[in-house]
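The values are calculated or read from the model by the stated rules, or taken from the named source; none is laboratory data. On a predicted model such as this, the values are computed, not experimentally measured, just so you know. Counting neighbours? That spans all protein chains shown, and the Cβs are built from the backbone with ideal geometry, glycine included.
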Amino acid sequence: MGDECSKIILNTKGGNEAGVDRALIDFLHYVEKSSEENVPEDCDERLKHLHKKIHQIKMSEEIGVSYMKMEERDRLIRDEGLRRGKAEGRAEGRAEGEARLVGVIRKKVSKSVSAADIADWLETGREEVERTIELLGAHPDWTDLQVAEELLRQETPSEEQE
């Protein structure tokens, strides 16, 4: 990799134990499943010490409560992310749908169809069509999506106005 470091990849699922130090094999088995049966009597003292510390941590009520709080916090963060993602997806979908209507209105206006006739044809309010036509006139270089997003922004009161 060009960083002059040696890389060692350890695999707990490996089956070729020939030429591998017994302490490493015991450690990898323990990493795979940290239980009493994976701490052989004749294993390395470091593994015994590690198992003792892990057992103390697992038995500690304070650490257990802290772990549960961390799990709950992580779940809340995940749920909030999902909620925001869904809301953004709905907003994007709504903007895309509105953009299709803007495109239809743009085409009808280019054929000199009146706002009232467009509204009647789309089965929507005349004011909505007039707002769209007004934005199209004020921003002829905008895409249908940009006009749609502006219409939706105007529709939704900003936090400053609340």
Based on what the data block shows, is ARG83 without any contact (Cβ under 8 Å) to a residue 12 or more places away in the chain and basic (Lys, Arg)?
yes
Within region 32-80, track down each residue that is at pLDDT below 85 and under 32 Å from the mean Cα position of the chain (by Cα).
GLU32, LYS33, SER34, ILE57, LYS58, GLU62, ILE63, GLY64, VAL65, SER66, TYR67, MET68
Failed condition for LYS69, given (1) in contact (Cβ under 8 Å) with a residue 12 or more places away in the chain; (2) of a type outside the set (A, V, I, L, M); (3) not assigned by TED's automatic domain parsing to the domain that holds ALA148, with all others met?
(1)
Please note which helices (runs of 4 or more DSSP H) are completely contained in region 42-139 and include at least 1 residues that are within 17 Å of GLU150 (Cβ to Cβ).
61-110, 126-138
State all residues of region 1-33 that are in contact with a helix residue (DSSP H, G or I) (Cβ under 8 Å, 6 or more places away or on another chain) and not β-branched (Val, Ile, Thr); if no residue qualifies, say none.
LEU10, ASN11, LYS13, GLY14, GLU17, ALA23, ASP26, PHE27, HIS29, TYR30, GLU32
Number of the exception - TRP142 against (1) surrounded by 11 or more Cβ atoms within 10 Å (Cβ to Cβ); (2) of a type outside the set (Gly, Ala, Ser); (3) in a helix (DSSP H, G or I)
(3)
Taking the conditions exactly as written (farther than 30 Å from SER34 by Cβ and either modelled with pLDDT of 90 or more or aliphatic (A, V, I, L, M) (or both)), does LEU152 satisfy them or not?
yes
